Amino acid sequence: MKFVDEVVIDIAAGHGGAGCASFRREKFIPMGGPDGGDGGRGGDVVALADAGLNTLVDYRYAKRHEAGNGEPGRGSDQFGAAGRDVVLRMPVGTIITDLASGQVIGELMQPDQRVVLARGGDGGFGNLHYKSSTNRSPRQKTPGWPGEHRRLQLELRLLADVGLLGMPNAGKSTLIAAISNARPKIADYPFTTLHPNLGVVRAGPSRSFVVADIPGLIEGAAEGAGLGHHFLRHLQRTRLLWHVVDVAPLDPAVDPVRQAKAVLAELRKYDDALWRKPRWLVLNKIDMVEQHLRDDLVREFTRRMRWRGPVFVVSALAREGLKPLLEATWTHVQAARAPASGIVDVRFAPDKTVPAS
Ligand SMILES: Nc1nc2c(ncn2[C@@H]2O[C@H](COP(=O)(O)OP(=O)(O)OP(=O)(O)O)[C@@H](O)[C@H]2O)c(=O)[nH]1
Ligand SMILES: [Mg+2]
């Protein structure tokens, strides 16, 4: 499926139907009185969060969405039928912004959440509505009200607990494949991953969290190098970043510390808040380093990085060192998921122990 995370669409709610002015005319019933009904309401345009979607590709070409108009009222006390609503299914994590005002109309944070994007117009009044003891043959009627229309920007920011950050070939996809149900493409050339993937990690019975694997980042990404840095938006809603580093690059001219620093510089250029997010160092491909050299390598790496945060030494390929990483992550994620911290996401909690707020 094609991955699209930003689109602009036009939506229009339905217009209200016009009210009707009419009088009851029947044999043997002189002066039957007003009997014109009201018009029906126009349909709304509604967004619905669908947990089964993870891209906005459906809106790439289908750019205009209109709800039905209300039917006009008719004689014989008939009210017009309401217009048909249009329901637009979008992935969880979509942010909907009105382009004219720049205001966020809604954020889809939970599956099945609904947000009304444009309201249908009310139907007009028929003359029946104006009947009173002093005005027994009103001729007034009103037209229906127009429906709202807007131009919207839809932006998808995936919801995940942990985001993977790193150079191409660092082993991010290998790692997510080793620990989760995700089966991304893995290969020994850069930019194997072209769009984000989510994987659900089961760290134990009723302990699960979601990891987002994104394309690799290289120096100059802010200026468009590689795949650019636009995918970093999918890390913005995570609670923790794993900075995955290949500690044993095949090319001896490549310095892993320099690479790690370049990734962090790009991260900071993209968004300072993202740079400040809790971040752990995951030193990968340790299987390529002889056992007796490993401790020194790790010490030297963190010293040169001036890194004082958590460090995990792993081999995604050999599945070594993963358990401590997963356990510590679970503890962190669980604490961060507490309702006071903001977003609560029940989507991936199979036992529904996480309360919805
Ligand atoms: N020896 C060894 N090789 C690994 C390890 N992890 C990944 N690799 C290899 O490194 C190469 C790149 O792995 P990927 O998982 O595709 O790397 P990535 O970070 O997802 O790369 P992009 O998607 O291009 O950003 C593959 O050939 C993997 O088999 C590891 O722990 N040890
Ligand atoms: Mg990859």
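The values are calculated or read from the model by the stated rules, or taken from the named source; none is laboratory data. Computed from a predicted structure; not experimentally measured. With ideal geometry, Cβ positions are generated from the backbone for all residues, glycine too; neighbour counts draw on all protein chains shown. Surface accessibility is based on the protein's heavy atoms, side chains included, excluding ligands, DNA and RNA. Shrake-Rupley method; radii C 1.70, N 1.55, O 1.52, S 1.80 Å.
Quick notes on this structure:
- Residues that are away from ligand 1 (no atom under 14 Å from the Cβ) and under 30 Å from residue 10 (Cβ atoms) do occur in segment 225-232, at least one of them.
- Taken over segment 181-193, the criterion of being touching a Leu at 6+ places or on another chain (Cβ under 7 Å) and either away from ligand 2 (no atom under 16 Å from the Cβ) or over 27 Å from residue 327 (Cβ atoms) (or both) is satisfied by 191 alone.
- Checked across segment 263-284, the condition of being surrounded by fewer than 18 Cβ atoms within 10 Å (Cβ to Cβ), farther than 29 Å from residue 185 by Cα and of a type in the set (D, E, K, R) holds for at least one residue.
- When we screen 143, 168, 72, 138 for residues that are at pLDDT below 90 and not β-branched (Val, Ile, Thr), the only hit is 138.
- Number of the condition not met by residue 153 [criteria: (1) open to solvent by 10 Å² or more (accessible area, probe 1.4 Å); (2) within 11 Å of ligand 1 (Cβ to nearest atom); (3) over 14 Å from residue 326 (Cα atoms)]: (2)
- For segment 136-180, the set of residues classified as in a loop (DSSP other than H, G, I, E, B), over 21 Å from residue 203 (Cα atoms) and charged (D, E, K, R) consists of 136, 139, 141, 148, 157, listed by residue number.
- Total residues in segment 203-218, condition away from ligand 2 (no atom under 15 Å from the Cβ), assigned to a loop (DSSP other than H, G, I, E, B) and modelled with pLDDT of 85 or more: 0
- No other residue among 194, 175, 217 is within 11 Å of ligand 1 (Cβ to nearest atom) and in contact with a His (Cβ under 9 Å, 6 or more places away or on another chain) apart from 217.
- Residue 52 meets the conditions (1) touching a residue at least 24 places away in the same chain (Cβ under 8 Å); (2) under 19 Å from residue 160 (Cα atoms) in every case but one. The failed one is (1).
- Condition met for residue 228 (modelled with pLDDT under 85, open to solvent by less than 20 Å² (accessible area, probe 1.4 Å) and more than 8 Å from ligand 2 (Cβ to nearest atom)): yes
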